Amino acid sequence: PGIVPTPMWTKIDQDRAELFGAKEGEAMAAFIQQVPLKRAATPEDLAGVVAFLCSADADYITGQAINVDGGFEMN
């Protein structure tokens with residue numbers, strides 16, 4: 001997935017702030033500004049795709065990459 005506010009992203013943000021002498025939150029904001037939708041993903045954004053892939057509606061889908069990243073991959 002794209003950027004999802006999780007403990008991992010909090011740690012990345014803290015580490016980048018320390019490494020580059022920035023304020024906490026700046027790294028996350030910079031990443032989010034690169035996402036065409038200008039927001040982080042939510043667990044609900046991912047859950048819908050997961051539910052679809054687990055359903056009978058996705059029975060004929062095999063070996064595909066489905067990007068749930070607000071357009072970041074295409075940017």
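Taken together, the values in this text are just the output of simple stated rules run on the coordinates, not laboratory data. A quick note: this is a predicted structure, and the numbers were derived from the prediction, not measured. Here Cβ is always computed from backbone atoms with ideal geometry, including for glycine, and neighbour counts include all displayed protein chains.
With charges only on Cβ, +1 for K and R and -1 for D and E, what is the dipole size of region 7-58 about its Cα centre, in debye, rounded to 20?
That gives region 7-58 a dipole magnitude of about 140 debye.
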If one takes the longest principal axis of the Cα atoms in the chain, at what angle in degrees, from 0 to 90 and to the nearest 10, does the Cα axis of helix 43-54 lie?
30
May I ask for the longest run of the chain untouched by GluC sites (Glu not before Pro) that are loop-located per DSSP and have at most 13 neighbouring C-beta atoms (other than their own) within 10 Å?
25-72
Taking the chain as the region of interest, what is the percent of Cα-Cα pairs per 5 angstrom bin, listed from the shortest bin to the one with the maximum distance?
3, 15, 20, 19, 16, 12, 7, 4, 2, 1
Mean Cα-pair separation over length for the chain, i.e. relative contact order, pairs under 8 Å, 6 or more apart, %:
40
